[in-house]
Each structure stands twice: as structure tokens, then as C-alpha cells.
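Reviewing the structure listed below.
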Amino acid sequence: TPSFSVPVAPPEPPPPVEAAAPPAPPAPPAPPAPTAAPKPVPPSALRYRVPPPIEVPLASRRMNESGAVQLRVVVDERGQPKQWSIVRSSGFERLDANAMAAMGRARFEPCTEDGQAIACQSTATLSYELR
């Protein structure tokens, strides 16, 4: 029997698929609202409502330790000391520790700007003198 060959056309290539762009990554979360940095003010701008209780520790009295401790203090809008650290030591660990504890008990008149209470930063010197 004779064989017939029927030409078969090659299959058509599939239509090109356009590469879909990858989905955009999600937007990063918004940064937190910046809190205003405490405004630097001169030491004379800090006014105590309740001064820090300065008492020369008994051991310091016995050892004739006296001196001044200079602290950097950040005061919030309500007049509360929020952060404080020693800028200049008295030279005596007991007096420095007493100054750090005393500043935590101090209360200030709030600093103001344009009639609004603001956070401020300054230095405060606590003197420990033997009498």
C-alpha cells in the first residue's frame, strides 16, 4: 500500500508572556514623630519649686569632704527632672551620689517659650560645704 505523508505544520510557539513587574514592596512604616530636643537654657533660667535636698553625708563630714557637683539636667514640660548626669565631680564619690539622688527629688518651674511650657536642659550646681 502506498504511504502518504501529510505534511504537518510545526505547532505555533505560544505567544510571548510579558513578565509581570514584581509587586512593589510595602511602604516602610512612618518614622515616629520626632520629639523636640530639650532647649538649652542658661543655669539662671532654672528656678526651683522644690530645691534638691542638699545634706553632707555623715561620713563626708567626718572626713572633711566638701565641694560642688555640677549636673546637666533635662527638665520636662511639667518641671520634673527627667534626666541628669554629672558634668563635674566634687572629687568625692559620696557627695556625687548624694547630688544625683537629690536632683531626682527637685522640682522646677517649667521653662516656657512663647507662653508654652517646653522641655529644657541646663546645668545645676549643688554645693556641699561643711559648716
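The values are calculated or read from the model by the stated rules, or taken from the named source; none is laboratory data. Since the model is a prediction, treat every value here as computed from it, not as a measurement. Counting neighbours? That spans all protein chains shown, and the Cβs are built from the backbone with ideal geometry, glycine included. These area figures cover heavy atoms from the full protein model, side chains too; ligands, DNA and RNA do not enter into them. Shrake-Rupley method; radii C 1.70, N 1.55, O 1.52, S 1.80 Å.
Residues in the stretch 35-68 that are loosely packed, with under 11 Cβ neighbours inside 10 Å and small (Gly, Ala, Ser): 4 in all.
Only residues that are open to solvent by 70 Å² or more (accessible area, probe 1.4 Å), farther than 18 Å from residue 50 by Cα and in contact with a helix residue (DSSP H, G or I) (Cβ under 8 Å, 6 or more places away or on another chain) were counted across the stretch 87-131, and they come to 1. Of all the criteria given as (1) in a loop (DSSP other than H, G, I, E, B); (2) open to solvent by less than 100 Å² (accessible area, probe 1.4 Å); (3) modelled with pLDDT of 95 or more, the one not satisfied by residue 71 is (1). Does residue 79 meet the test of being on the phi > 0 side of the Ramachandran plot, modelled with pLDDT of 95 or more and open to solvent by less than 10 Å² (accessible area, probe 1.4 Å)? In short, yes. If you go through the stretch 79-100 and keep only what is under 19 Å from residue 40 (Cβ atoms) and among the charged types (D, E, K, R), you end up with 82, 88.
If the condition is being more than 30 Å from residue 64 (Cβ to Cβ), touching a residue at least 24 places away in the same chain (Cβ under 8 Å), of a type in the set (D, E, K, R) and assigned to a loop (DSSP other than H, G, I, E, B), then the stretch 89-129 contributes only 109.
How about the stretch 68-88: which of its residues are in contact (Cβ under 8 Å) with a residue 60 or more places away in the chain and more than 16 Å from residue 103 (Cβ to Cβ)? Across the stretch 68-88, there are no qualifying residues.
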